[in-house]
Amino acid sequence: MRFKISKKWLAFFIVSLVVIVVVGFLTLRALTGGEPLSLLSPGGEEIVKQEPRIFDKYSFPALAARKFEGSEIVLEKILKEGDGFTSWVFSYKSDGRRITGMANMPDSDSDSDSDGFPVVILIRGFVPEEIYETGVGSQPMADFLAKEGFVTLAPDFLGFGGSDMPPAVGFLSPLADRFEKPVAVLNLLASLETLPQADSQNIFFWAHSNGGQIALSVLEITKRDIPTVLWAPVTKAFPYNLLHYSDEAEDQGKYLRKLVSEFEKDYDSDLFSIHNYFADIVAPIQLHQGKLDVEVPVWWSDEFVTQMKGLGKEIKYFTYDEADHNMAPAWQQAAERSLGFYREFLVD
């Protein structure tokens, strides 16, 4: 005797089965906090949902495609007065995070500067967080330029001065800190029009040491004609420009090498490196290098200048036989040459 299932009961069975599967799935989703479930491939290997790639937004192509809206630059409190200018703590927002810094404002006593003063953004090099204070690494040059009638803005960067902390992304957080620095300068550039004392038609960069690679990054990302002075700049490719200093760490660079290794498992370092985009620089550059510099080898600057000239870029190069990383004892000469360079490119 054959057992027959009616179409009605077959349909009921199928619908019931679907309901059971859906309810079970939703129950599991609820128990796992809404997180996607790990599945097994036919070969028995676990397939895990790919997490968002947290560093893609910092690649040079991604930053070049972004539109930076800027924020209000706020002069918060006076640090010192005299010598023809006033130093302030200023602040602005970079992707929602507050960044502080030192702003020098020349004294105004006539209507001739009603359009504002030319602006130099100063980008410092590495300073240990435990000894850092607002202005360290750039204050002497900022004061020199302010006396000559330039507004100077030197951001502290995230995690320094009164700034907010940088984003935390676990083991790779030190790289996020590094990648946030060009973003901070890009947001500062976008904010300049909110500062009445600033002539946004006359913008310049001054950068020292690791600040040099930050300035070059911004020039490449924006493709803007911002005349730039570099003192002993870091001009080598990432991550070599980071690993070069790894022996200064207590662990002789073990942590740093692991950090870079983990990053390069998922990302192409060339997309985050200045060496890959030198052709995009359109700004004139003046470079100063001490031959006794033990932090930035003179051959780095020699090679960079050769590369830039090979690309047809406008670059002036000064070396100082007895000068160290901070340009001593040739500081005044380098400062005067920097000032002359800025004046050469002032727009009326």
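Where a number appears in this text, it was derived from the coordinates with a stated rule and is not lab data. Note that the coordinates shown come from a computational prediction; the quantities given were computed from them, not determined experimentally. All Cβ positions, glycine included, derive from the backbone under ideal geometry; neighbour counts span all protein chains shown.
Figure the gain on full extension for Lys77 and Val298 (residue separation times 0.36 nm, minus the Cα-Cα span) and round it to one decimal in nm.
75.6 nm
Going by amide H atoms built from the backbone, whose H comes under 5 Å of the H on Phe68, apart from near neighbours?
none
If packing is taken as the average number of other Cβ atoms within 10 Å across a peptide's residues, how do 294-305, 161-172, 225-236 rank, most packed first?
The packing order, highest mean first, is 225-236, 294-305, 161-172.
Taking the simple approach of a point 7 Å from Cα along Cα-to-Cβ for both Thr194 and Val282, what is their distance in nm?
Calculated label separation equals 2.7 nm.
Projected area of the range 190-278, taken from the Cα convex hull and averaged over every viewing direction, in nm²? Display every interim value, and only then the final one.
Details: hull surface 30.0 nm².
Spelled out: convex hull of the Cα atoms, projected over all directions, averaged, 7.5 nm².
Could you list which residues have their amide H under 5 Å from that of Thr86, counting only those 5 or more apart in sequence or on another chain, with H placed in the peptide plane?
Hits under the 5 Å cutoff: Met105, Asp107.
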